[in-house]
Amino acid sequence: MKPLSLAAPGFPASSPRKSWSRSLWPRWESGLQKYGVLLFLLFIWELSGQAHWVSQEIVPSLSLSLRAIAEMWIQINLGSHILISLGRVITGLVIAIIIGVPLAFILSRVWPTLGERVDSLTRVFGLINPYCFFPLFVIMFGLGETPKIAVLSWVSLWPIFFGSQAAFRAVDPQLIKTAKSLCCGPWAIFWKVTAPSSLPSIFNGARVGVEMSFFILIAAEMTGATAGLGWIIHNAGAAYETDRIYGAGICVVILGVGLNRFLHLIRRGFLAWSDYMASPWLYAGHSSPKPVNRIILWLSCLIFVLVFGLGLWKIILGENLIIARP
Amino acid sequence: MSFLRKHAAIFIFLALWEGLSRFQIIDPLFFPPFTKVLATIADLFKLGVLERQITASLYRAIPGFLLATIIGVPLGLLLGGWFKNINGFLELPLEVFSQLNPFLLFHIIILFMGIGEAPKVTIVAWTCLWPIVFSSINGAVNVNPHLIKSGRAFGLSRIALIRKIVWPAAAPLVFAGVRLSLGYSLFMLIAAEMMGASSGLGFMVMRTQEAFQLDRLFATVTVIAFLGLFLDFLLRLFGEKFLLLKMESHLNATD
């Protein structure tokens, strides 16, 4: 936040040179604003353990949980479990996008009457909880990764499908007419008009889908898996190792926040104009959407692809991971 | 007539399911024909099992959902509309809390609350809370400031400002969040009941799975799906009446 200056514009308020401490202060302030409450909560958590306000059996302090993470990292290969969990979510997401977006395109642009007819059916499908069919999936696909990935794809399929269907339906017909009058072929119309105008909504659907499937992933891993964070939590819960529950929980939260941040970054990097279109008054006057650092953007995309690849590789490899505490 | 046309796809799908299963193109052991599923539902109702489980599930889902709505909507509107500075402070903690997985939380809440109804209601409320809070914040932040400025120019008090301007403008987004979280509530409840409960629809799914009574499993899943549709329908009806009213008054006000 800029301090209010009484000087007329064009004239510097006092000294033109800023001392480094004054230029650093706003950064401090914004950092405190961002992380202050969280740090305070973490501090209270740690203090409650150290001062024995609550039993360490039920709420192990932050340091104990972090130690559990380090222990798990060394002893039971926590990194592999994390990669496997992420790999499952991303595989489900990719499958859902591959099925959902073209299906929505067919049902709204290519054959809209059919789309209207099957609307109610897709709504019913979207409400069916795939978790109920888990044993049926096991019967159909066998044990192993396929039923889990089927459940996750089903979960993220419907938000993506509904998001893209709504988007494709809402493409401004005036724009399409204009493009046609400019002698654009169907491909050009798709790439220049339909795709850009529907991308934000498809992306929103994908975000909801990722969030849902990340929730369901933990549950699916709890019931029938031999690897993954949900499995660790389930085992730790059964063995009453609360520090491991909290440790794995911290990992789940960090991964969730990271995934969320990544999707935000993608949105800000590639679809920044859509925010502007949605509510232009937020950017009225001087403030325009803050541009994203391109290097960070591409670096995080690279990391995402790497994690996906590694996770998939580990899933396909079917590594044998032991979990028992020595 | 229009009803039939609108829902023709469902009937065709059900007929297809029935036919494929009857003529043994797909294994009727794994996919019992739809009429048999319906007969099972009727049987279960006669036995009184289904009623009991549905009420047990609804008694968990509805209070959790209502609790989340009652807390979430005012919290979101206040954070987005009034206390923008506090919102800056709370942004990261809220994000972290929203990522606390309900199933993870289940293991921890059980340590505090035991294994009765309370942890399940808490889980549902917790899961429903975040979509509502975030969409309310979003709704309140995205209100056109010109409207607020003109409201101020007319000398509205802060409460009147929220009631007359912020709330009507944010209502569609808030409502979208509420609808989303109603879907979440059933979703998470069924999964939570499958993991540890002694009553409810999720428990029934689990038990029929273990006993390999697939006709009962399909019956339960069908009931769950239609329960979800029905609740969503009710909510939408409520919202359409309610939002239409709001939007009309909103338009009148700006005219």
Can you compute 3J(HN,Hα) from phi for each residue in the range A:169-176, using the Karplus curve 6.51 cos²θ - 1.76 cosθ + 1.60 with θ = phi - 60°, rounded to whole Hz and x for Gly and Pro? 6, 8, 4, 5, x, 4, 5, 5
Return the whole-Å distance between the Cα centroid of the range A:135-193 and the Cα centroid of the range B:9-23. 26 Å
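Take peptides B:54-64, A:177-187 and line them up by average Cβ neighbours within 10 Å, highest first, as a rough protection proxy. Each step should come with its number before you reach the end.
On the way: B:54-64: 19.6, A:177-187: 11.4.
Per-residue mean Cβ counts within 10 Å order the peptides as B:54-64, A:177-187.
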I need A:ARG261, B:ARG216 ordered by Cβ neighbour count within 10 Å, fewest first. A:ARG261, B:ARG216
Roughly how crowded by other chains is peptide A:34-40, in terms of the mean Cβ count from those chains within 10 Å of each of its Cβ atoms? 5
With a cut-off of 8 Å between alpha carbons and a minimum separation of six or more residues, what is the relative contact order of chain B in percent? 24 percent
Other chains near A:163-174: what is the mean number of their Cβ atoms within 10 Å of each residue's Cβ? 0
Most exposed first, judged by fewest Cβ atoms within 10 angstrom, A:TYR240, A:TYR246 run A:TYR240, A:TYR246
Using a simple spin-label model with points 7 Å from Cα along the Cα→Cβ vector, what separation in nm is obtained for B:LEU14 and A:ASN77? 5.0 nm
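What FRET efficiency do you get for B:TRP82 and B:ALA211 if R0 is 41 Å and r is their Cβ-Cβ distance, rounded to the nearest 0.05?
0.15
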Shielding of B:102-112 by partners, i.e. mean partner chain Cβ atoms within 10 Å per residue? 6
Inter-part distance where the range A:28-80 and the range A:228-248 are each reduced to a Cα centre, Å: 16 Å
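Would you order A:ASP243, A:ASP172, B:ASP43 from fewest to most other beta-carbon atoms within 10 Å of each residue's own beta-carbon?
Going from sparsest to densest Cβ surroundings: A:ASP172, B:ASP43, A:ASP243.
Read-outs: derived from the displayed coordinates by stated rules, not from any lab. All values reported here derive from a predicted model rather than from experimental measurement. For neighbour counting, all protein chains shown are included, and Cβ atoms are generated from backbone atoms with ideal geometry for every residue, glycine included.
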